[in-house]
Amino acid sequence: MTTILAIETTGLTCGVTIATRESDRVSLLSVVDVLRQNIHDEVLSVIVQDALRLADVTLSSVDVVAVSAGPGSFTGTRIGMSYALGLTQELPGSPHHIRHVNVSTSHALALVSREVCVASGMMEILVAIPSHKDLLWVQRFTPNGDPVEDVQTKTIEQTKPLCSPFTMVVGPGASHLTARPISGLTRLSSRFIAVACALLDENGDGGPMLG
């Protein structure tokens, strides 16, 4: 069994999820997501401790620290990645090694959207994450969550033609592109990072998980 501590700080959400993966089964033990702007640096350490306590897990039991690596806020991404790196170095002299892996924010959103996409007969997933002004980070995926292209920066008007009736639009930028965004898939969550980590790291090789 692998125990995962997942961190999301690339947008409004500052969150931590504790999850386990055993064979092909992923179990979420605790999810603590706070939606407030510009608090990540202040509350992340508290949220980590809360998530560990709620899951009844100690840091020494964690095998993997997975962190959302963007696209998203530069400051938020830096806070999350720096904190994750610190956690993996927090047990000097201990034989227990915690791996640090980066998970693409857009790929995580696509992976947790797969079942809805397939069930609704959609042909592709488009992840849209606000950048600044009228710009979006955009990435397209197959219905199974495999990347079709790299992340691109586009204006809202440039992105709208990509959204066909068979395109499922998800992410915090979805409301700019569709009149009926899918509930539960329009914000970022540490839960998505945990699930994506479990799906992408099945071989346990510790490599980067950038979509």
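Every read-out reported here was derived from the displayed coordinates using simple, explicitly stated rules and does not represent laboratory data. Just so it is clear, the model here is predicted, and its values are computed rather than measured. Cβ placement follows ideal geometry from the backbone for every residue including glycine, while neighbour counts extend to all protein chains displayed.
Membrane-span-like helices in the chain (whole DSSP H runs, Cα extent of at least 18 Å along the helix axis, mean Kyte-Doolittle hydropathy of at least -1.0): 40-55, 74-88.
What's the extension gain from residue 180 to residue 167 if we count 0.36 nm per residue and subtract their Cα-Cα distance?
Details: separation 13, 0.36 × 13 = 4.68 nm, distance 1.23 nm.
Separation in residues times 0.36 nm, less the Cα-Cα distance, equals 3.4 nm.
Need one word for the chain: rounded, prolate or oblate. Basis is the Cα gyration tensor (sqrt eigenvalues a ≥ b ≥ c); a/c below 1.5 gives rounded, then a/b vs b/c decides. Show your work: numbers first, answer last.
Numbers: a/c = 2.07, a/b = 1.60, b/c = 1.30.
Cα axes put the chain in the prolate bin.
Scaled to the globular estimate 2.2 N^0.38 Å, the Cα spread of region 106-176, given as radius of gyration, is 0.99.
Nearest 5 is fine: what % of DSSP beta bridges in region 106-176 come out antiparallel, could you say? Walk me through the numbers on the way to the answer.
Numbers: 11 of 15 bridges.
Given both bridge residues lie in region 106-176, the antiparallel proportion sits at roughly 75 percent.
Peptides 5-13, 61-69 ranked from most to least packed, by the mean per-residue count of other Cβ atoms within 10 Å: 5-13, 61-69.
Restricting to the chain, what percent of DSSP beta bridges are antiparallel, rounded to 5? Could you put the intermediate results ahead of the total?
Details: 28 of 42 bridges.
Antiparallel bridges make up about 65 percent of those DSSP assigns within the chain.
Were the residues from residue 88 through residue 54 laid out at 0.36 nm apart, the gain over their Cα-Cα distance would be 10.2 nm.
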